[in-house]
1. Only strands (runs of 3 or more DSSP E) wholly contained in the stretch 295-369 count here; list those with 3 or more residues that are under 22 Å from D239 (Cβ atoms) and free of Cβ contacts under 8 Å to residues at least 24 places away in the same chain.
2. Being free of Cβ contacts under 8 Å to residues at least 60 places away in the same chain and out of contact with any strand residue (DSSP E or B) (no Cβ under 7 Å at 6 or more places or on another chain) narrows it down to one residue among V115, V103; which is it?
3. Inside the stretch 60-96, can you point out the residues that are touching a residue at least 60 places away in the same chain (Cβ under 8 Å) and aliphatic (A, V, I, L, M)?
4. Considering the stretch 256-283 alone, what residues qualify as being part of a loop (DSSP other than H, G, I, E, B) and surrounded by 17 or more Cβ atoms within 10 Å (Cβ to Cβ)?
5. Condition test on M287, is it more than 23 Å from E73 (Cβ to Cβ), in a helix (DSSP H, G or I), aliphatic (A, V, I, L, M) and over 24 Å from the mean Cα position of the chain (by Cα)?
6. Name the single residue that is surrounded by the fewest Cβ atoms within 10 Å (Cβ to Cβ) among those in the stretch 226-237 being in a loop (DSSP other than H, G, I, E, B) and among the aliphatic types (A, V, I, L, M).
7. Please find, within the stretch 116-148, the residue that is modelled with the highest pLDDT out of those that are more than 26 Å from A100 (Cα to Cα) and in a strand (DSSP E or B).
8. Does any residue of the stretch 259-274 turn out to be out of contact with any strand residue (DSSP E or B) (no Cβ under 7 Å at 6 or more places or on another chain), touching a residue at least 60 places away in the same chain (Cβ under 8 Å) and over 18 Å from N340 (Cα atoms)?
Amino acid sequence: MNRKELNEIRNHFDPEAKYFAMERVLTAFVDTQRTVRGVHIRTAGSIPSPESMILYETMKKVLNVNLGKQSSELPFREHAYSEDGAQSRLADLLASELKAEDVALAFLGKLAELVDSDSPYAVLMAYCTYDPPRKNKMDELETDFTDQTFKYIVCAMCPIAKTEGVLVYNQFDDEILRQENPNAVISKAPQDGFFYPVFSDRATDVHHVLYYTKTPNTPNEKLIDSFLECDVDTTVEEDQADMKTVLGELLGDDLTYETVTAVNEKLTQIAAKNKTDDSPTEVTGRMLHRMLAEVGVPEEKLADTEKVFEEHVESTLKPERLIVPKTVIKTPEIVVNIKNEAKNKVRLDKIDGRHCMIIELDDAMIEVNGYDLKVPGVMAPDAEAPWE
């Protein structure tokens with residue numbers, strides 16, 4: 001399932017979408033004792049519009065197209081296909097179309113049993129169908145349909161918190177007073193979620209599940225490992241640390257500002273191409289060798305690239321996990337944030353024996369703490385500084 005295919009599903013996850021239908025919605029509450037409460041299954045059409053829109057918006061967040069970071073397509077382990085396995089449970093739930101309450105309750109009970117949580121959470125789940133339109137040679141959607149309807153389950157797991165007492169204006173008594181709110185508030189931002197089956201080659205793939213997390217550096221390992229029976233991916237932070245180790249060991253003191261920013265640009269280009277490629281490119285030792293050579297690293301420094309990469313990286317790295325949105329230079333006293341498109345306006349040098357960072361400016365005016373200031377040295381040659 002590539003980003004383009006996930007984006008197709010996401011773009012059609014809307015009550016007004018032509019080829020999409022949300023059939024039924026399940027809502028439930030799981031408390032800190034892992035007890036499932038408040039299970040409610042309704043047809044989507046019976047839900048009032050304001051509530052319905054919140055459900056759509058919340059569950060749509062699970063269909064996050066940031067593949068490799070917040071979303072990961074995971075294959076099931078072998079046991080998942082057994083009678084009591086995760087893939088079998090998901091397949092049974094999908095086949096029930098959320099019509100069989102006993103199947104839904106068994107699924108929720110297993111979820112509550114296997115997913116450890118210190119806080120209560122809400123489960124928002126929907127059974128949906130999508131009739132994929134055909135595509136022409138220009139990769140554009142046609143008006144007629146393929147012969148297979150894509151049926152899927154999307155599930156959002158949302159944190160719950162009790163609100164404190166608040167001040168409200170009581171119009172009847174014409175006064176402001178404190179009011180307690182005994183109800184728990186369900187976050188519109190899911191902490192975790194999943195989408196099954198996946199949409200690969202614009203068709204059903206029952207051998208994978210899409211896992212979503214709000215926090216890529218702290219995925220829900222119990223949900224992935226115990227409930228979904230998939231292998232836990234490394235975190236974004238771990239992948240970036242592996243890349244730093246490889247570059248550090250290869251280049252040592254020869255690792256420069258220019259090399260770091262140039263590699264980030266190369267990774268950004270690969271990630272952009274992956275958005276539409278059917279077979280996304282991942283970083284290997286051989287590819288890293290080529291990238292470093294292309295950005296000017298001498299060949300003698302690259303002889304052991306593949307060996308060092310294999311020593312520190314389990315298999316491959318996803319470029320989407322390695323890119324940084326902006327360049328950050330830190331010293332103990334100063335932090336400089338640089339937009340990636342402006343990285344070439346900064347250089348590191350040694351001047352009069354001092355280590356310096358030089359920043360080129362396009363304009364003579366800069367802003368400091370909200371004040372517009374003229375950069376010294378750009379006054380007319382005969383003008384005297386006001387303090388002289």
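1. Values: elements: 326-330, 335-339, 346-351, 354-359, 365-368.
Fully inside the stretch 295-369 and qualifying: 326-330.
2. Working: V115 fails: free of Cβ contacts under 8 Å to residues at least 60 places away in the same chain.
Sole residue among the options that is free of Cβ contacts under 8 Å to residues at least 60 places away in the same chain and out of contact with any strand residue (DSSP E or B) (no Cβ under 7 Å at 6 or more places or on another chain): V103.
3. Across the stretch 60-96, the qualifying residues are V62, L63, V65, L67, L74, A80, A86, L90, A91, L93, L94.
4. P280
5. Answer is no for this residue.
6. Start the filter on the stretch 226-237 by keeping residues that are in a loop (DSSP other than H, G, I, E, B), which leaves 228-229, 231-235.
Adding the requirement that they be among the aliphatic types (A, V, I, L, M) leaves 228, 232.
Numbers: L228: 26, V232: 16.
The selected residue is V232.
7. Result: P133.
8. Yes, some residue in the stretch 259-274 is out of contact with any strand residue (DSSP E or B) (no Cβ under 7 Å at 6 or more places or on another chain), touching a residue at least 60 places away in the same chain (Cβ under 8 Å) and over 18 Å from N340 (Cα atoms).
The values are calculated or read from the model by the stated rules, or taken from the named source; none is laboratory data. Note that the structure is predicted; figures quoted are calculated from it, not measured. Neighbour counts are summed over all protein chains in view; Cβ atoms, including those assigned to glycine, are modelled from backbone coordinates with ideal geometry.
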